[in-house]
Structure formats: structure tokens, C-alpha cells
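FYI, it's all coordinate maths here, none of it is from the lab. Owing to the predicted nature of the structure, the values given are computational and were not obtained by experimental measurement. All Cβ positions, glycine included, derive from the backbone under ideal geometry; neighbour counts span all protein chains shown.
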Amino acid sequence: MAKADFEVPELQEYTEVPKYVEGTMAHSSPYVAKPDHNTPLGFPGELVPDWHEKTLEAMGDLLGKYRSFQVYLDSCVKCGACTDKCHYYLGTSDPKNMPVARQDLLRKVYRRYFTFAGKYFPKLVGAADLTREVLDEWYSYFHQCSQCRRCSVFCPYGIDTAEISMAAREILDRIGYGQKYCNEIIAKVHKVGNNLGMPGPAIRDTLDGLEEDVLEETGVAVKYPLDVKGADILFVTPSADFFAEPHIDGLIGYGKVLHECGVSWTFSTKASEAGNFGMFIGSYENMRRVSMRIREAAIDLGVKRIVFGECGHAWRVAYAFLNTLAGPWDFLDPNYPVPQHICEFTWDAIQQGKLKFDKSANDDKVLTFHDSCNVARATRMGDKPGGQFEIPRNVIKAVCNNYVDMEADTIKERTFCCGGGGGLLTDDLMELRVKGIVPRMNALNNVVQEHGVTHMAAICAICKSQFTKVIPYYGFEMDQIVSVHQLVSNAILLTGQGESDDDSDEDDE
Amino acid sequence: MSFLTVVYAVLFYLATAVLVVGVGRKIYVFAKAPAPLKIPTTPAPTTQTGVIMRMFREVVFFESLFKGAKWTWLFGWVFHMGLFLVLLRHARYFQDPVFFPIELIQPFGIYAGFAMVAGLAGLFGRRLLVDRVRYISAPSDYLMLVLLGLIGLSGLMMTFVVHTDIIAVKQFFRGLMTLSLSELPADPILLVHLMLVALLMIIFPISKLLHAPGIFFSPTRNQVDNPREQRHLAEWAKRFEQQ
Ligand code: HEM
Ligand code: SF4
Ligand code: SF4
């Protein structure tokens, strides 16, 4: 088990709703961004002296630009339906992690300066002055929201705390009080093209290594092309897929599927990142700038289609925003959705009988699937609502014999966040990550105990990173987390695979 | 004309003006703010008809709340349906002749009054007893329930305990509508009832009662899930395209 300097919660059979305990997470606050991180994003380097005025100005600006922000600040009736829905509340018992209480941190200031009742009767309606303490509290608690939208499912008006968190972070950024983790990463994307700051040659190196590995393993020369002009498909994937476990095993799987379908495809150095942290900080402009790299890469390479690899928030930006931010895509092949998810691609190919599998290759595992919040509650796959739940499961079931779902209240639209989404996947928020994972761990533990589940598959780079790092705190092994296309990769039978195996066997003799 | 009648007449003109102008202004603000990105909570309908169905289920059945909190749903739904029937029943004070469907619901309207008050009591209890809901409540949240409860109770009092001259009340309100004042009965309970209703109308546009228009403008509920098919560019975001 990993060590911690805070108490790691005990797993329970069912996630119980705790009585609130004030202030348990008041100390949790990520590192503040430095000028080098802020200025490339167009924000002031550090907290501006006139932050009070600038904060209200930014709030007023966002109220006019985002209907969600305006309507949600006005409409909450404090019914309390959301109070027990957030994994961070369930894991920390801190009442300010109840979605409505999180919103209220901002709403009380909105009321004070922007509404009649708050201006004249602040005590009555819970309005409060904007002070430095309030600002710090925003910084702390709006970085304890993974923008997972679970609360929005149960709210009678669909109030989405993620929207409030994004707006809060945008306001904080505009006064020079941004978060280091997100802003540093976005600055890297603007400069190099991916979150990790991996230059093109390093990517090519990795891909060469993978080609050799796959050739050795299967005897088939599967290519992992980079920056190939005139390829049909631009493949955009989170940069973690290029190096981390189990992400890279998923990437091997994408290549095998694309190879077997006989399509021409390529990665791009310029668009070597599917992720888009611009969303986490609520910055339309930064999100757009990051998205435009994909458009530029598609034009430069002359591709006809765009396919995305496994990543949750990336798929949200891709599916729900890319057309708006970086479209129109009229220069691409209109016969395919832009963009497509690799799971949609693989499932289509399976249905058309293009892929052959030996499912027994995954017989050493009993699987379950973690629905990533952004995929589950902010996107779709295929043409029917809910395809985002069915298609990944269909793919898993096509390549594995043993599959069990976790409890219904913890999957699909009700899925619990991994605890590390929304720009919180950083070591300075370790306590939050370990506690926020509790509802998911309880559900996993149940199927492990009752159904002998050995592995949990996910289609999100952040989920995979969070899980591999944090599940050891609860006595699980990091390799119990797998990529969906890792399972595909294990089971797929490439054309010529058997024959070349024989060949190489003969060679060996 | 008694002084009292004049005061109440002015009060109701004022309250109506505040309600109409206030809510109208707020609806304008909601409508004018663009939703620059597609953010429906998925799975979401892929057609406009589907969105109308979703909104219908939210407004009439409180679908999401049902998923989220069964007791709150029960109390809340009973209260709102009660309120809705009671409001319809009150239409008879403003119509002459009374519209047939309104006649029809009169008997149900009476029970609806009890349902409404019972629902409010349940909501109040929950607010007081559940630690999490108590934590998020401001004084105004309790007072709103008290206000509605008192309106309901004073109304029920008049139906069952101390009757008032409802013909005269009707003449008063018809008079307000036709700009020809007629005398309002000076029964204390009626005066309290009407005073509280006017207060409710006045605070409507500056309180959480804005949830009623708000729900129709909630992007997570009213958007069609078709972002890959259609761009969704806001006016203010267009300037980036020109760069
Ligand atoms: C489109 C019409 C409306 C819809 C869809 C609607 C829906 C809801 C829902 C779902 C709730 C949360 C559940 C609950 O606490 O009851 C709620 C709360 C509430 N509604 Fe409405 N409502 C509407 C109109 C009204 C009107 C006209 C009033 C009063 C004049 C009203 C007064 C309240 C109050 C006071 C609460 C808070 C209850 C509490 O404190 O727990 N609503 N509404
Ligand atoms: S979006 Fe998710 S993390 Fe944020 S408040 Fe809602 S449930 Fe909690
Ligand atoms: S569920 Fe919605 S309306 Fe109810 S308290 Fe939470 S945010 Fe407010």
C-alpha cells in the first residue's frame, strides 16, 4: 500500500452519505501559477492589485456571455437534491464540497453585487462581500471540483456545478490567480503541441519502438505513422498514450485496428494532444487556440477524417465543442462524423466483420468498465443517446469473455468520477484525489468481492493515470487498470499473424 | 370607496407591475445571454421534439429530482401540483363567465389546497431536519416556505372556517381589471391572505422563484444533442473567427 500523510478512508459496502464536518478540506489548495505559466495564456502574471474590481468586472462579463452562468446563479432553490451526489463530499465530508454549497461560494458574491435582494438584504438571502478570504476559498474549493457533472444529472433545473467552477476559474485567471498545473500544461501545448511537452522526434522514437515490439509479438508489420501527408485519417490522442502504462497498450491497439481495417492514417506532431485543459479553466479562448492546432494539422496533412483516441475530457471537447471552436469541417469527408471516437470506429469495424478476435486471450481477466464522467454525461457515441455507454461495452464484450457491470447507481449517467478529473490530477492535490475516489473504489471493491473482477477498463487518460496512482492506497495493484484498446490489442488476430508466426517458428528451428 | 379598498387596489396594481416587469426583464436577460457551447447533460435528445419531451417531463414530473431525492420529490411535487390546481381554481375570480374547465376543477381545487400545505410542511421539515439541507439554507429559504404556507393556510381558513363574501371579492378583482373599483370586504383573514399574495408577487422576480422561468433556459436541459452536425457559434465568439 502506498503511504499517505492523511488518513486513507476505509472502503464500505455501500457509499454512505456522511454527516458534514466543517473545514475538513479547507487546507486543500493547489500550487498557484507563476507568471511564466500565466502570460502565454493571455492572463496577468500574478494577482493584480485591483483584484476586487477586476473580479466583479469579470463576473459581469461572464454573466453576459454564458447563459448557463446567469441562469444557474439565479435558479437554485436550495432543494438539496445535489448535496449527496458529489464524490468529493462523500469522500471528505466537507460541506463546501456539496455542489450547491460550492456554487454558493460564488453565488453569495453574485447576490451581493448583482441582485436587488443581495444589495439591500444581504443577511436574509445569504449574500456576502467579496474579500480576500472569499477569493482564497474560491481558489481552494473550485479546485476541489472535477467538473464531472454528476450533480447536474439530479438537479431539477440541470444546474451544472462544472459550469460554475469553470467560470470561477476563468475569473481567477483573469485576475492572475490561476492554478499552476493547468496553466503550465496549456502553455506547453501552445508552445510544443502536447501536454507533456514531448517534441516530435521523441514521439517518432517511441513509435519506432512500438513498431518493433508489435512486429516481434505478432510477426506483422503494423505501422504507427507520424506526420504523413495525404493520409486519410488524422489520429489525435492524449499524449499520455505515447509513454505511460496502461495508456500505451491502448495505443498499440488503435494501431492494430487501423492496420487491420486497411485505412491510411497518421498521428501529427502539431496535434499530438487530444486533451484540452482550456476547458478545465473555462477559457473559451485558450480552448479554441488548442483546438485550432487540430484544424491546422488536418489542413496541413490533407486528411479526410479525424479520429480521437481514448480520453474523457478530450472527447467532450472533440465531440461537443470542436465543430463550434475549430469548424466548419467542410473540407473533410462528409460520410463520417467529425470527429469520430476510436470506440465508434472499432465497433463499426467489428459489426462489418472486418476484425477477428481470439477472446480467450483475455480469459485471465474478469472485467468491469468505468464510465468516464465527460464521456458519460457530456457526449455521445454513435447515433443514439446512450451510445457512449453501449459502444465501449460492446467493444469490450466482443474481445473478452468475462464482463460484469458495477452497481447501477455508479455507472452510466450516474457514474462516479475517478477523483482526478477537471485539472486536479496533480500531486499537490493528493489527499483530495485519494478521498474523492472512494465511491468508485467501493463500487469496484463490491464487484471484486462478489464477482471476482480482476481488472477495470477505462477510456480516459486522466482516469487511467488517477487510478494507477491512487488505487494502491486501497490495496489494489496498478496493473488492474486497463485501456479498452489494450483488451482489443490482446485479442485481435491480425491478417497474416498465424502464418508469420509459423514462419518465425521455422526460422527459429 | 373605503381607504382600505384603495390601498389594496394600489397594492395589487403595483404587485402586478413588479411581477410582470421584473420577470419579463429577467426572461430578457436569460434569453439575451448566449449559450456559446453545447452542454446538454447526456444522454440527451437528438431532436427538437425530443427536447420538448424532456422539458415536459422536467416541468410536469420533476424527472431529474425524482432521480435525485425521492422525499423532496414527493413533497415538492405534491406542493407544486397543489399550487397549480389552486391557481387554476382562483381563475374564477377573474373570469366572467367562468371558463368551463375552471368550473370543472373547482372540487379538486379544494383538496389541492391541503396537498399544497402538506407538501410545504414536508419541505420545511426536510430543510430543518436534514443536516446537509440545513447547511445550505439561508433565512430567505425558510421564509419563502412560511410565506407560501401562510397564504395556503389563510386561504383554507376562508374555505372552511370563516367564510368571506367571495362575490364581493370577485367584484373587486374584476373591478381592478376593468378599472372600475368596487368595495373589498374588510375581513381580517382575507386581508392577510391578499397582503401575502401581493408580497409573493413582489418578491418573485428578485428571489429563487426565478427557477420557474429559469428551467426553460437551462442549457443542460434545453439543448439538442447535435454538436457534430451543427456549429453553435455565439455572437461574441465570432470575432475570434475573423482573426
Ligand atoms: C414552471 C413552473 C415551476 C416548476 C417546473 C417548478 C419546479 C420546482 C422544483 C423541481 C422544485 C424543487 C423541489 C422542491 O423543493 O419542491 C421547486 C422548488 C420550489 N418551488 Fe417551484 N416550480 C415552478 C413554479 C413555482 C411557483 C410559481 C412557485 C411559487 C409561487 C414555486 C415555489 C417553489 C418554492 C418555494 C420552492 C422551494 C421549496 C423548498 O424550499 O424546499 N415554484 N420548484
Ligand atoms: S461537477 Fe462533480 S465534482 Fe463538481 S460539484 Fe458536481 S459532482 Fe462535485
Ligand atoms: S439540486 Fe439544483 S436546485 Fe437543488 S440545491 Fe442543488 S443546485 Fe440547487
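Among the residues here, A:Ser360 does not qualify as among the small types (Gly, Ala, Ser), closer than 24 Å to A:Lys85 by Cα and in contact (Cβ under 8 Å) with a residue 40 or more places away in the chain.
Being among the aromatic types (Phe, Trp, Tyr) and over 23 Å from A:Ala26 (Cα atoms) is the filter here, so list the residues in the range A:410-467 that pass it. The one that is among the aromatic types (Phe, Trp, Tyr) and over 23 Å from A:Ala26 (Cα atoms): A:Phe467. Here A:Gly45 meets each of (1) within 30 Å of B:Arg126 (Cβ to Cβ); (2) small (Gly, Ala, Ser); (3) part of a loop (DSSP other than H, G, I, E, B) with one exception, condition (1).
So for the range B:37-51 (the condition being among the basic types (Lys, Arg), surrounded by fewer than 17 Cβ atoms within 10 Å (Cβ to Cβ) and within 24 Å of A:Glu413 (Cα to Cα)), does at least one residue qualify? Looking through the range B:37-51, none of the residues is among the basic types (Lys, Arg), surrounded by fewer than 17 Cβ atoms within 10 Å (Cβ to Cβ) and within 24 Å of A:Glu413 (Cα to Cα). Of all the residues in the range A:78-93, those that are part of a loop (DSSP other than H, G, I, E, B) and either crowded, with 24+ Cβ neighbours inside 10 Å or without any contact (Cβ under 8 Å) to a residue 40 or more places away in the chain (or both) number 8. When we screen A:Tyr72, A:Tyr20 for residues that are within 14 Å of chain B (Cβ to nearest Cβ), in a loop (DSSP other than H, G, I, E, B) and buried (at least 17 other Cβ atoms within 10 Å of the Cβ), the only hit is A:Tyr20. Among residues of the range A:437-454 that are touching a residue at least 60 places away in the same chain (Cβ under 8 Å), those with a beta-carbon under 6 Å from a residue that is in a helix (DSSP H, G or I) at least six positions away or on a different chain give the pairs A:Ile437/A:Val470; A:Val438/A:Gly91; A:Pro439/A:His87; A:Pro439/A:Leu90; A:Met441/A:Tyr474; A:Ala443/A:Thr410; A:Val453/A:Val447.
Quick check: anything in the range B:67-87 within 10 Å of chain A (Cβ to nearest Cβ), free of Cβ contacts under 8 Å to residues at least 40 places away in the same chain, within 16 Å of ligand 3 (Cβ to nearest atom) and closer than 29 Å to B:Met201 by Cβ? The answer is yes, given that some residue of the range B:67-87 is within 10 Å of chain A (Cβ to nearest Cβ), free of Cβ contacts under 8 Å to residues at least 40 places away in the same chain, within 16 Å of ligand 3 (Cβ to nearest atom) and closer than 29 Å to B:Met201 by Cβ. In the set (1) under 22 Å from the mean Cα position of the chain (by Cα); (2) surrounded by 18 or more Cβ atoms within 10 Å (Cβ to Cβ), the condition left unmet by B:Val192 is number (2). The residues on offer are A:Ala101, A:Ala127, and the sole one that is in a loop (DSSP other than H, G, I, E, B), at the interface with chain B (Cβ under 10 Å from one of its Cβ atoms) and without any contact (Cβ under 8 Å) to a residue 60 or more places away in the chain is A:Ala127. Does at least one position in the range A:33-40 carry a residue that is within 12 Å of ligand 3 (Cβ to nearest atom), surrounded by 24 or more Cβ atoms within 10 Å (Cβ to Cβ) and under 28 Å from the mean Cα position of the chain (by Cα)? Checked against the condition, which is being within 12 Å of ligand 3 (Cβ to nearest atom), surrounded by 24 or more Cβ atoms within 10 Å (Cβ to Cβ) and under 28 Å from the mean Cα position of the chain (by Cα), the range A:33-40 yields no hits at all.
Of the residues in the range B:92-115, none is more than 10 Å from ligand 1 (Cβ to nearest atom), in a helix (DSSP H, G or I) and within 30 Å of A:Lys96 (Cβ to Cβ). Checking the structure you have, find out if any residue of the range B:79-97 is of a type in the set (Asp, Glu) and surrounded by fewer than 16 Cβ atoms within 10 Å (Cβ to Cβ). Yes.
Table: residues versus (1) within 15 Å of ligand 2 (Cβ to nearest atom); (2) in contact with a His (Cβ under 9 Å, 6 or more places away or on another chain); (3) more than 15 Å from A:Gly176 (Cβ to Cβ).
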position: A:Leu47; (1), (2), (3): no, no, no
position: A:Asp50; (1), (2), (3): no, no, no
position: A:Leu63; (1), (2), (3): no, no, yes
position: A:Val77; (1), (2), (3): no, yes, yes
position: A:Gly80; (1), (2), (3): yes, no, yes
position: A:Leu90; (1), (2), (3): yes, no, yes
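The residue that is nearest to A:Val48 (Cα to Cα), counting only those in the range A:130-165 that are of a type in the set (Val, Ile, Thr) and away from every other protein chain (no Cβ under 14 Å), is A:Thr131. Here the helices (runs of 4 or more DSSP H) wholly within the range B:199-243 that include at least 2 residues being facing chain A (nearest Cβ under 8 Å) are B:211-214, B:219-222.
Contact map, the range B:25-37: residues that are at the interface with chain A (Cβ under 7 Å from one of its Cβ atoms) paired with residues that are acidic (Asp, Glu) and surrounded by fewer than 16 Cβ atoms within 10 Å (Cβ to Cβ), Cβ distance under 8 Å, separation 6+ or inter-chain. Pairs shown: B:Pro34/B:Glu235. Can you report the number of residues in the range A:81-109 which are farther than 18 Å from A:Met166 by Cα and of a type in the set (D, E, K, R)? Summing the residues that are farther than 18 Å from A:Met166 by Cα and of a type in the set (D, E, K, R) in the range A:81-109 gives 3. All told, B:Asp131 meets the bar of being more than 24 Å from B:Ala212 (Cβ to Cβ) and either within 16 Å of ligand 2 (Cβ to nearest atom) or within 13 Å of chain A (Cβ to nearest Cβ) (or both). Taken together, the residues in the range B:202-234 that are of a type in the set (A, V, I, L, M, F, W, C), more than 12 Å from ligand 1 (Cβ to nearest atom), within 19 Å of B:Ala35 (Cβ to Cβ) and in contact with a helix residue (DSSP H, G or I) (Cβ under 7 Å, 6 or more places away or on another chain) amount to 2.
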